[in-house]
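*Asks:* Let me begin by handing over the structure; questions about it come next.
The values are calculated or read from the model by the stated rules, or taken from the named source; none is laboratory data. All values reported here derive from a predicted model rather than from experimental measurement. When we count neighbours, we look across all protein chains shown, and the Cβ atoms used for this are built from the backbone with ideal geometry, even at glycine. Ligands, DNA and RNA are stripped out before the accessible areas are found, and what is left, the full protein with its side chains, is counted by its heavy atoms. Shrake-Rupley method; radii C 1.70, N 1.55, O 1.52, S 1.80 Å.
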Amino acid sequence: MHEYSLMEEVVKTILAELQKEGGPPAGSALEVVLKVGAMAVHSEAATRQAYEVLVKGTPLENSKLDLTIEPVTLNCQACGYQGPLPEGTVDPHDPSPLAECPRCGAVTPVQGGRGVEQIELMWE
Ligand SMILES: [Zn+2]
């Protein structure tokens, strides 16, 4: 249910934003640009599905979701390696996850990939 509660917040935020702006002109094509960390969601499909369910009956129904999942990155102190980690390397339930550096094998804290990094609403 990670995805669902996360998307619930996201949709709430966008709807509040829409109201503040007075909403887009009727008939415009809405596009939601969303960037979330790989640690916040387990699956892109589940995230999209949650979105579809949550926007039903709201002004965001039929909007396009432009979803990017930001990978978790590793920043190795030992050898200077910097890069994204393959999916499933770290346990998303771990509050301070560690991973082995793919280059030198040193155990390093991972960064990024948490929470919502960007929400943007666009329309044409
Ligand atoms: Zn390293």
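*Asks:* Out of everything in region 88-121 that is touching a residue at least 24 places away in the same chain (Cβ under 8 Å), surrounded by 13 or more Cβ atoms within 10 Å (Cβ to Cβ) and among the charged types (D, E, K, R), what residue ends up being nearest to the ligand (Cβ to nearest atom)?
*Replies:* Checked region 88-121; the qualifying residue nearest to the ligand (Cβ to nearest atom) is 103.
*Asks:* Quick check on residue 19: is it touching a residue at least 40 places away in the same chain (Cβ under 8 Å), more than 12 Å from the chain's Cα centre (by Cα) and open to solvent by 70 Å² or more (accessible area, probe 1.4 Å)?
*Replies:* In short, no.
*Asks:* Give the residue, chosen from 71, 24, that is over 21 Å from residue 123 (Cα atoms) and of a type outside the set (A, V, I, L, M, F, W, C).
*Replies:* 71
*Asks:* Next question, about the same structure. Only one of 12, 35 is modelled with pLDDT of 90 or more, on the phi < 0 side of the Ramachandran plot, away from the ligand (no atom under 16 Å from the Cβ) and part of a strand (DSSP E or B); which?
*Replies:* 35
*Asks:* Which residue out of 61, 124 is surrounded by fewer than 15 Cβ atoms within 10 Å (Cβ to Cβ), in contact with a helix residue (DSSP H, G or I) (Cβ under 6 Å, 6 or more places away or on another chain) and within 30 Å of residue 30 (Cα to Cα)?
*Replies:* That would be 61, the only listed residue that is surrounded by fewer than 15 Cβ atoms within 10 Å (Cβ to Cβ), in contact with a helix residue (DSSP H, G or I) (Cβ under 6 Å, 6 or more places away or on another chain) and within 30 Å of residue 30 (Cα to Cα).
*Asks:* Only residues that are in a loop (DSSP other than H, G, I, E, B), modelled with pLDDT of 95 or more and under 11 Å from residue 7 (Cβ atoms): list them for region 38-57, please.
*Replies:* Of everything in region 38-57, nothing turns out to be in a loop (DSSP other than H, G, I, E, B), modelled with pLDDT of 95 or more and under 11 Å from residue 7 (Cβ atoms).
*Asks:* If I ask for residues that are under 14 Å from residue 114 (Cβ atoms) and not in a loop (DSSP other than H, G, I, E, B), which ones from region 58-73 would you list?
*Replies:* Those that are under 14 Å from residue 114 (Cβ atoms) and not in a loop (DSSP other than H, G, I, E, B): 69, 70, 73.
*Asks:* If you don't mind, another one. From the set of residues in region 75-124 that are in a loop (DSSP other than H, G, I, E, B) and aliphatic (A, V, I, L, M), which is modelled with the lowest pLDDT?
*Replies:* 90
Each row is one residue, and each column tells you yes or no for (1) assigned by TED's automatic domain parsing to the domain that holds residue 7; (2) farther than 19 Å from residue 8 by Cα; (3) charged (D, E, K, R).
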{"residue": "36", "(1), (2), (3)": "yes, no, no"}
{"residue": "46", "(1), (2), (3)": "yes, no, no"}
{"residue": "56", "(1), (2), (3)": "yes, no, yes"}
{"residue": "59", "(1), (2), (3)": "yes, no, no"}
{"residue": "64", "(1), (2), (3)": "yes, no, yes"}
{"residue": "85", "(1), (2), (3)": "no, yes, no"}
{"residue": "95", "(1), (2), (3)": "no, yes, no"}
{"residue": "98", "(1), (2), (3)": "no, yes, no"}
{"residue": "102", "(1), (2), (3)": "no, yes, no"}
